[in-house]
Structures are given as C-alpha cells and as structure tokens.
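Computed from the coordinates by the stated procedures, all read-outs in this text should not be read as laboratory data. As the structure is a prediction and not an experimental result, all values here were calculated from the model. Here the Cβ is made from the backbone with ideal geometry for all residues, glycine too, and neighbour counts use every protein chain on show.
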Amino acid sequence: MERKIIELEDVTIRFAGDSGDGMQLTGSRFSDTSAFFGTDVSTFPDYPSEIRAPEGTLYGVSAYQIHFGSKGVYTPGDQIDVLVAMNPASLKVNLPFLRKGGILIVNTANFTEKNLKLAKYETNPLEDDTLKDYQVFKINLNELVSELLKDSGLTPKQIERTKNIFALGLAYWLFDLPLRPTEEWINHKFGKRPQIAQANLKVLRAGYEFGETNELFAIRYKVTPKKFEPGIYRNITGNEAVALGLVVAANKAKLPLFLGSYPITPASEILHFISSYKPYGVRHLQAEDEIGGITSAIGAAYGGALAATSTSGPGLSLKVEALGLAVILELPLVVIDVQRAGPSTGMPTKMEQADLFLAMFGRHGEAPLPILAASTPTDCFDMTLEAAKIAIKYMTPVILLTDGYLGQSSEEWKIPDLNTIPDIPVQFYTNPDYLPYKRDPITLARYWAIPGSPGLEHRIGGLEKEDITGIVSQDPLNHQRMVELRAEKIKRIQQDIPDAELLGDENADLLIIGWGSTYGSIKAAFDRLIEKGYKLAYVHLKYLNPFPRNLGSIIEKFDNIFVPENNLGQLAFILQGTFLKPVIRYHKIQGRIFLSSEIENKILEILNAKGGKK
Amino acid sequence: MTTLIENVIQNKPITTVEYTPKDFKSPLEVRWCSGCGSYSILAQVQKILAGLKIPREQYAFVSGIGCSSRFPYYMQTYGIHGIHGRAIAIATGLKVARPDLSVWVVTGDGDCMSIGGNHLIHAARRNVGLKVLMFNNEIYSLTKGQVSPTTQIGQPTKSSPFGNIDYPFNPASLALGSGATFVARTFDRDPKHMQGILERAAKHNGFAFVEIYTNCVIYNDGAFDLYTAADSRREHSVMLEHGKPLIFGANNDKGIRLDGFTPTVVSLTDGKWSVDDLLVHDEKDTTLAFILANMTYNSNLPRPFGIFQSIEKPSYEELTIRQIEEAKSKTPDTSIETLLKGEDYWEIK
C-alpha cells in the first residue's frame, strides 16, 4: 500500500502506562534504536516513587519520553508528537502534553469501567470528543497478542506482558526504524528462555507488520539521521556517566577507587553501577547510613584512595558535618549530589536544583569547597573527571551537582578514547621531612602522605591545626590564618578552571546565565531566538564555586541578566551578592525541567518590556 | 595496573621492627586530667605495640570526639581525630582501602554507643578488621558530666539531677549481639590483664571489641571501684580464662556453676561443690559468650572480665578482595575501554 511519507527533523514520542506495563523498558529500547539509527537522542523516564502503585491509578502512571532527530535535540522535548497510552490513567495524565494534531495510539483493552473510574473519567474518552484534536489509533493490544501467542505455551499473564513490545514494533514501523537492535537485545536478554524470546520476537514483528498492513495508518514518518563524527557511540544516563567518570578518574590518577554510599533515589544507580565494577578492581561499601557513606570515604582518602560518595538532597543534609571534617582535614573527596525535589522527602523521583545553597553554605564555620555542576547526561562524565582532578590537586572535598533528570535521562555519547584523557598527577609525599600542613605555594594544597610511609607518621583531625606543622592549636591568629588559607586555596582553583564561554553576541540586549540541567531547555530556546534574529548572549556555568575568572567581566557588560533556575533563585542570589548586579529571576519548581518554550516566552517578555528589538 | 599506593608500600625503605614503648609516643603533651584511667590505656597500648613486630608506619589510630578520642594525637603513628561518633565508619573506609594496615579505633561509651551506635553494630556484623577500644567511664566527660548510654540506673548526673531513668547498654552483649567476632572486657587498673587482652585483640583477624573500664576522676570517680579496687575486686569480679573454671573470691573460695542456662555462685568450701562442678570457659562457645556477658549487671554475680568470645570468620576486607579477584578471573576482558562501551554500542565510520 502506498503511503505518504513525511520527513521530520525531530520527533518526541512518549510511551505511557501502568508502573508494571514495562514502559521504561519500551522507552529505553526505542531510544537505543533511534540512536543506533543515527539521530541525536534525549530521553526522560518519568515514573512514580511507588514501586508498583495500584493498577490503573493516576499516580501509578509510568512514562518514558524520547526526543530524537537531527537538529535541536537538547531536551527530551517540550510537546509530545506521538503518545502511546496503555490505559485510561496514562491517557489522562499525558494527553495535556500531546500537541494538537499529534498521534495517539491507545490500547483500548484497558478502557474498562473500573479503569475509567480510577482515571477519573466520567465518560469514555474514546467515545466522546476528548480526542477530537488528535489523530487517534485505537488498538486492542491485549486481544492482538493473545491471538498471536495462543499456541506459544506461555501463560495468559506472560502473553499480556508482551503488549508493550507490540506497541514498540508499531512505533518502529511508524518512524521507519530498524527492528534489528531490539531483536538482538531480546535474544541476548532472554537467551536462556527461548520460549519467551520467540514470543517477544514474534510480537515485535507483528507490531511492525500491523502498521505495514493496516489501512488505518496512512502516513509514515522519516526522521533524518544526523551526520556524526566517526567513533564508537552508546547511549548513557547521567548516573552511569558519573560511575564511569569515577572509574576513569581513578585510572588516570593511578589510585584505587572507593565509593562509600547509601541507597537513595535518584542517586542509587551510581552505587549499583559501581558495585558491578568489581572486575575492574573497584571497592565500595554500602554503608549503614549516609554519614557512614561519607566518613568511610574520608577514611579511604586518608589511606590514599580516590574516594567518593554519592547521594541526593536528604543524604547531603546528613553528610554536612562530615564535609566540614573533610574541609579541615584537606583530603580529596568527590561528593555527588543527584538533586531531587525537596524539602524533606519531597518528590523523590523528580528533579530540582535547590541544593545549591546547601552545597555552597551548608556547613558550620568557614568551610568553603568547590562546587561543580553537570549540564547534560554525558557532561556528567566530564564533570566527574573534573571534580576528581580538582579534589586531588587542591586536596579538598568537591561537590558535583547533578539532578534526577540528568541522572536518569540518557543521550548518545561518543565514547572517549582513554589515551586522549590526560593523566591526573598524584605524588604521594614520601620524604620524612613531611609537615602535614605545609602547602604547595601555587595551589596552597597540603601534601598527601599515606599510612605505610615510614617516618611520615602524622595525625590529622577536626581540631584546628597549626599552620605548617599540623599540631593542634587554639591560637587566635593561627585560626584566622588557617581559615584564610583554606578559603584562598579554594579561590585559587580559578587558575585551573576554564573561562566561561559566551555564546551569541557580546553586545546583546540580554545575557542568559544558566547552570546544571537547564542547559538543554535554554540552548533550544536560545538557538530558536537567534535564528529568528534576536540578539542574545548565553553563559552556561559548570563551575559554581569558584566562578570562572572572566565571569565578572562578562557580567559587567550587560544591563539585563536573566537567570532561569529550578529553584527560587539560588544562583541569582549568589551572582547578585558576588557581582552586585541585579538579575532577573525566573523559576520553575514542579519537579520537571523547563520547557524550552517557557524559556523562549520569558525571554521575549523581558525583551519586549525592555524595548529590545530584533 | 599498579596503583601509587602499591608503589609507596613496595618501594619503602626497610625499617626496623625493634621498638620500645617510647617509639610510639608522639611529641604532643598528654592532656588528660591527672589520675584519669586513660593514661594507663595509652601506656599499655604503647607497650604492646612495641612488641608486635609490626612496622610503626602500618598503624593507624582513628577516633571520634570525647576525652578518649584525643588518643591518636598522643600516638606516634598515623591517625585521624574525626567527628563525634564516626570513628568506626572512618576506620572502615581506611581498612577497606588499605587492608595492609593495622587500624585501631579509640572511642568512649557516648561516642561509640550513642551517637556512633549505628556504625558500631554494622562494623561488628560485617566483621571489619578493626580493633575497637571503647573507654567506658559511664559518663559524658568532655561535655562535663551528662548521662551516657552506660550510666547506671538511678545515678544523678548533670543531665539527670533526679537520677538516671535510662537503662544502660551492656556493651559486651551489644557487641556480641551485633556479631563481633572478638569481645573482651578489661580495666584501667590492671596493666597486665589489659596488655594480655590488647595483644589478643591486635592479633585477631576481624572485628575486635574491647571494653575498658576507665575511671573518670572528675565526673564519675570510683564508678568501678567495687570491681577494680584491690580490696573488693576479688569478691566482686571473675576473670575469664579459656579452658579454666570460673573461680573467684578473696580466697578463691567461690565459683560459677551453670544451672541449666543460668550462672549461679557456689561455694567451694561448704563441701557441696568442687572445682569440677564449675563452668569452664570456652572462647569459641558463642552461646556461652552471651551467658557470660549477661552476668554483667546481675548484682548476685561477680562482674566478668576477660575474653567473652574469640571466633574466626573472614573479614569484610578479605571478602571484598576475594570478590574482586573472583570477578576479575571470571571476566574475560577487564579493560576500562570495554567497560566504557557497555553492552549496546555502535560504530560510526
């Protein structure tokens, strides 16, 4: 059958269903396939904090969104072009994000009276005019897979569980994507259970065929692949990128890696990945609590390991006292905070950027430490390496801020050539003339001597120490000197961090300053406005303490500075306090990243108000 | 890949292991109160380390907060004076990163069992190879005299002016219940006994917990006199020795006999019982260890001192290394390049 083929630069698709419907798996397969096919990919898993919320409920909806294409793929997408909804609740929750005219594929099997009631639908949306603005394809997936697999020997329950694979096959057909990567994956995953593997392969192909043969589908889409640099690629989430970053940093520093960590959403995956790296010599402790996580890491650092701890906001709160200890001990330590919506337990599976103040100010006494922030899932790898490098070179704890969105979203990643990553130089002090608080004149870092070095036996601790000798000291002038030295050391990290990069026009009407995961939304909005002829400048900060050396001189040039954040204005506050310039704040605290359209509209609003023009 | 730590260890100059206790004294002046029981512990530790033939640079002492926790500053070894309650957690990380070290924790009853209780029980159950010396003075001293988790019931303190209503922990039972493989009790006034216990703890492979009754002259003076002073000690204490019957009393005239699971005091002079009827200590008997530890706050029974239990099982750090070695041997390609690629990767030419 002849079909119209529409070519697109980018598309956003969302698979939504019950927590137990396998939506995360479906989405991640689709994202791997589209990346394999050669597009940019940005994904967003959106799932409830309950493990298996009661079936059919609105709060039990689990979704996975994939934005793929050849251009402008910086975020998982503002609006959905294609929604696959497996039940009434997932339709109800996700329909508001489907663009008018978008494609809706609905599994009609679950539109029972009970499920409609659970989804708080008074009438069946498949039968009234709820869906009149969309291209709707109503398919009874349960019926189709039962028929297909009736002779498979699988139980009805097992058969029903393949329905997401059918939807996946149909989605591949719709976008003319290959089945092979998923077929290989099925064979690999169910290799030891051939019956299940065969059933899934059959259903996957049937889904594809369904599109091919069914006259319902009059249009097919083709997303143009992108021209990628040669190399080896994979998809990666921010959490996995952090874990790999730690391994590579330890390798480049020739140190053993130690992670002390306690399970916490959405950071636990870092612990999972690290604990699976035993074949690579990685040591870890799943500690009894968050405090045990960081303090065991401090002990390992004293022993000469590259030590790290991973957590999220509530855990960082618990680690605060130990961070102060790490500051006064002056030992290298990498602390990863995968931020989530707070305060308290807040919304554990949802992102937020509201731990910046805690990272910056959350210690008693004068206890400055460097703060870094990753801007994309793959940037989590680079910034973890940076954090380790700074921690070691400056003998300091470093906080790396990522968030629940970065941690769990994925994008394609060109795997770096290990040989091109520079070594992280470490020189353990072994000369018996060792003085624990004697410092390198350039970095002000003290020297690292580890147990096992004869003649260098020394004690460090939380009590204030005499400059150079490290003897316990309550001397007033010495304390001031040590406080100043520790602060100056952190300031000097500026000499090792790159200048802030200004995108756009130095003489623009507006400077946008972003940090962390707002990068994607800002960049997409920025690109669109530049294309439309607006004069804009954009700096995305990855180093929040200290700031890049040139940031002050950039800020000086602009009268209008716009700082969008997923908090009430924490970076804005710090920028104002540091550079004494007013900034325009803009916040979204909904557990979700900004839509690029939100940023775009806000910028236009500011420009209009200021009388700025194209 | 050899790590830089291995470089340091492998390339270090050969050092003598002939030491005197003086070699373990740091230049820092000791600043405990005059008469504090901690002085004796410091002296006994320095004495036994001198005899262990372990290079001095292989020792690390880790502490938390409290009077006891100043200890590392007085030792000419590696050491960390940490934060309140966290010594065991810090030491755990150090030991896992550096199983080659002899890692000691110096802590007090408040530091170890109140704010640090969680780390104690978990390090014990994991059998991390740490030697934990818990100075028990049954009071918070550095904060000037508040109730601690071992303060006796009814005792008035700064924070319990009407008498303490918190039932105390029995540290030996807590350690045993948490899975500690070596559990012992000694006291400040008997250097020989303490040295014997410390030496055994030092040589124990796994988690060694030593409770040391430590007299606080300022806030809880004489708390242990009944069990430790020369005039009352033999009537009110019993020394546990592996393979020997439990005999006590000023004239060795009493013993402990098990009546079912219940220890009872019997006279050895009234003709009813002889030494052969007494309970014989066995450090490997994990049931007996609980029975003996449980004698502690029973006023009808003498207070037990010595090694309650000493059993062997693989330590956490050994299991870590073993698991790494096994995982390596089962993985055909342990290069980081392979790890970075993961399972699903593709090449663009």
Local net charge near A:ILE270, Cβ-Cβ under 14 Å (Lys/Arg +1, Asp/Glu -1): -4
Rounded to the nearest Å, what's the spacing between the alpha carbon centres of the stretch A:63-131 and the stretch A:149-217? Just the number, please. 21
Students often forget the sequence filter, so: which aspartates and glutamates lie under 19 Å Cα-Cα from B:LYS244 once same-chain residues fewer than 8 apart are removed? B:GLU235, B:ASP253, B:ASP259, B:ASP276, B:ASP277, B:ASP282, B:GLU283, B:ASP285
Cα gyration tensor of the stretch A:4-223, axes a ≥ b ≥ c as square roots of the eigenvalues: rounded (a/c below 1.5), prolate (a/b > b/c) or oblate? rounded
Chain A: relative contact order in percent, alpha carbon pairs under 8 Å with at least 6 residues between: 12
For a Förster distance of 45 Å, can you work out the FRET efficiency between the beta-carbons of B:ASP23 and B:PHE261, rounded to the nearest 0.05? 0.40
What is the Cα centroid distance between the stretch B:73-102 and the stretch B:167-236, reported in whole angstrom? 21
For the protein assembly as shown, what is the calculated [θ] at 222 nm in deg cm²/dmol (nearest 500), taking -39500 (n - 2.57) for each run of four or more DSSP H residues and dividing by its residue count? -10000 deg cm²/dmol
Label 7 Å along Cα→Cβ of B:ASN251; the stretch B:262-282 residues with amide nitrogen under 17 Å? B:266-275
With +1 at each Lys and Arg Cβ and -1 at each Asp and Glu Cβ, the charge dipole magnitude of the protein assembly as shown around its Cα centre, to the nearest 20 debye, comes out at 620
What shape does chain B have by the C-alpha gyration tensor, where a ≥ b ≥ c are the square roots of the eigenvalues, rounded means a/c under 1.5, and otherwise prolate means a/b greater than b/c and oblate the rest? prolate
Ratio of Rg to Rh for the protein assembly as shown, alpha carbon only, Kirkwood? 1.05
Mean separation of Cα contacts under 8 Å (6+ apart) over length of chain B, as relative contact order %: 14
Normalised by the number of residues in the stretch A:4-223, what is the relative contact order in percent for Cα pairs under 8 Å and 6+ residues apart? 22
Loop-only GluC sites (Glu not before Pro) in the stretch A:133-226, please: DSSP not H, G, I, E or B, and at most 13 other Cβ atoms within 10 Å. A:GLU215
Give the aspartates and glutamates whose C-alpha is closer than 13 Å to that of A:LYS610, dropping any in the same chain fewer than 8 places away, or say none. A:ASP509, A:ASP559
So what's the gap between the Cα centers of the stretch B:142-156 and the stretch A:418-484, to the nearest angstrom? 38
Output for the stretch A:1-88: trypsin sites (Lys or Arg not before Pro) sitting in coil per DSSP, at most 14 other Cβ within 10 Å, listed by number, reads A:ARG3, A:ARG52, A:LYS71
Restrict the search to the stretch B:221-318; then list the trypsin sites (Lys or Arg not before Pro) that DSSP places in a loop and that have at most 12 other Cβ atoms within 10 Å of their Cβ. B:LYS272, B:LYS284
Determine the sum of side-chain charges near A:ALA300: Lys and Arg each +1, Asp and Glu each -1, restricted to other residues whose C-beta is under 14 angstrom from that of A:ALA300. +2
Using the structure shown, select from A:LYS100/A:LYS523; A:LYS393/A:LYS465; A:LYS100/A:LYS350; A:LYS202/B:LYS330 the pairs with a Cα to Cα distance greater than 30 angstrom. A:LYS202/B:LYS330
Where GluC sites (Glu not before Pro) in DSSP loops with at most 10 other Cβ within 10 Å are excluded, longest remaining stretch of chain B: B:30-342
Hey, which of these cross-link pairs are over 24 Å Cα-Cα: A:LYS227/A:LYS542; A:LYS138/A:LYS163; A:LYS319/B:LYS328; A:LYS227/A:LYS602? A:LYS227/A:LYS542; A:LYS319/B:LYS328; A:LYS227/A:LYS602
Between rounded, prolate and oblate, where does the stretch A:235-420 land on the alpha carbon gyration tensor, with a ≥ b ≥ c its root eigenvalues, rounded for a/c under 1.5, else prolate if a/b exceeds b/c? rounded
